[in-house]
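The values are calculated or read from the model by the stated rules, or taken from the named source; none is laboratory data. On a predicted model such as this, the values are computed, not experimentally measured, just so you know. All Cβ positions, glycine included, derive from the backbone under ideal geometry; neighbour counts span all protein chains shown. These accessible areas exclude ligands, DNA and RNA; they are computed on the full protein's heavy atoms, side chains included. Shrake-Rupley method; radii C 1.70, N 1.55, O 1.52, S 1.80 Å.
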Amino acid sequence: MAVLVCGGAGYIGSHTVLELLEHQEEVIVVDNLVTGSRAAVLEKARLYIGDIQEEQFLEKIFENHQINAVIHFAANSLVSESVNDPLKYYQNNVHGTLCLLKIMVKFNVKKIVFSSTAATYGEPVNIPILETDPTNPTNPYGETKLTTEKMLRWADDAYGIKHVILRYFNVAGAHIDGKLGEDHSPETHLIPLILQVALDKRDEILIFGADYDTDDGTCVRDYIHVTDIAQAHILALEKLNNDNTSAIYNLGNGKGFSVKEVIDCVRKLTKHPIPVSISPRRPGDPAILIASSKKAVKELGWKPKYGDLETMISSAWEWFKKHPEGYGSNGK
Ligand SMILES: NC(=O)c1ccc[n+]([C@@H]2O[C@H](COP(=O)([O-])OP(=O)(O)OC[C@H]3O[C@@H](n4cnc5c(N)ncnc54)[C@H](O)[C@@H]3O)[C@@H](O)[C@H]2O)c1
Ligand SMILES: O=c1ccn([C@@H]2O[C@H](COP(=O)(O)OP(=O)(O)O[C@H]3O[C@H](CO)[C@@H](O)[C@H](O)[C@H]3O)[C@@H](O)[C@H]2O)c(=O)[nH]1
């Protein structure tokens, strides 16, 4: 029996494929390589290049393999892009999942792990955020993820497809052995952008807003190492195989770091001065997002291993020093 990983050539997907292979799973990857890289998919996994919205393409894969469960990363996931082009997000994130679920129904595949996000909460009413807290997204990206979560709930009721929804906070870092890293193009995430300054590929980092209601005025986020996130998917699959019930979990460290604190940590690790400029707030950004992941710790037995910010940033730094062009043009 195989696990199908949609979006497995992307940042988090590729790290999860590595963990799955280490757990002896047969892994099938589907990816259209729009943001992912062929080079990020380890050879032991079988890669099909194509779009999950192409139902006939998906059907062939379900015909060719005995798929036991799906892990679904395939999405667009940039907050600011979603504000400028919300329909792109409804198309790919909501319609993409709809196509995938239709094929799962057709082939009687009853387990899915879904990548959701802290962006489903919007401006939090409590810190740390609990899974039971209100969900009022402040951007279309979060809205499309919440809509998809609701689709999964109805699909459970109607077709018995059980889900584990994982609401990640800010995923960071690279594989600790340097096997894989983060390569988004264009890059918009804070840590890789600061590291591009440290590599002298960029002159400065823009701080998007220094007038938030936080200690130093910059946004606070809960950063979580990509391998810890990948591990949670293994545990989510185990849960689905063992108790066959649906659930939602936050995945974060429960600690917040401001944009300025992240920049200071990079300065310390790289010894680079990292020039900054303050620019206006980025639309759709909440001031503070910090997770309570107690539920995942208790119910999944999740134990994040790389929780301190320095470990996350230094693993990313090691990868970027060796791969200044990411996976490079050969990556496609
Ligand atoms: N990076 C984060 O901090 C973060 C935080 C919360 C949630 N997430 C979610 O985790 C998932 C993975 O994020 P990531 O940072 O690894 O992004 P990524 O862009 O690196 O990975 C997404 C992958 O999906 C593929 N893809 C997109 N649409 C597709 C389609 N229609 N058909 C086939 N393949 C498609 C892309 O080519 C890419 O390889 C996303 O769903 C994202 O919303 C990420
Ligand atoms: O050049 C930059 C880039 C980012 N930021 C700020 O840094 C913080 C982190 O931004 P970024 O790394 O872009 O991540 P987020 O926009 O917080 O979103 C990430 O984390 C979310 C969960 O919290 C996920 O849903 C998204 O998919 C993922 O991209 C935010 O306050 C940004 O405003 C800057 O100040 N300057």
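Here are some notes:
- Qualifying residue in the stretch 149-164 (condition: within 18 Å of the chain's Cα centre (by Cα) and over 16 Å from residue 98 (Cβ atoms)): yes
- Of all residues in the stretch 28-41, those satisfying the criterion of being away from ligand 2 (no atom under 16 Å from the Cβ), surrounded by fewer than 19 Cβ atoms within 10 Å (Cβ to Cβ) and of a type in the set (A, V, I, L, M, F, W, C) are 33, 39.
- Only listed residue being open to solvent by 10 Å² or more (accessible area, probe 1.4 Å) and over 23 Å from residue 246 (Cα atoms), chosen from 25, 54: 54
- Between 200, 216, 211, the distinction of being open to solvent by 40 Å² or more (accessible area, probe 1.4 Å), away from ligand 2 (no atom under 13 Å from the Cβ) and acidic (Asp, Glu) belongs to 200 only.
- The set of residues in the stretch 159-188 that are open to solvent by 30 Å² or more (accessible area, probe 1.4 Å), within 21 Å of residue 289 (Cβ to Cβ) and at pLDDT below 95 comprises 184, 188.
- Extreme residue, surrounded by the most Cβ atoms within 10 Å (Cβ to Cβ), among residues of the stretch 64-78 that are in contact (Cβ under 8 Å) with a residue 40 or more places away in the chain and more than 16 Å from ligand 2 (Cβ to nearest atom): 71
- Test: residue in the stretch 1-12 that is near ligand 1 (Cβ under 7 Å from one of its atoms) and either of a type in the set (A, V, I, L, M) or open to solvent by 40 Å² or more (accessible area, probe 1.4 Å) (or both): yes
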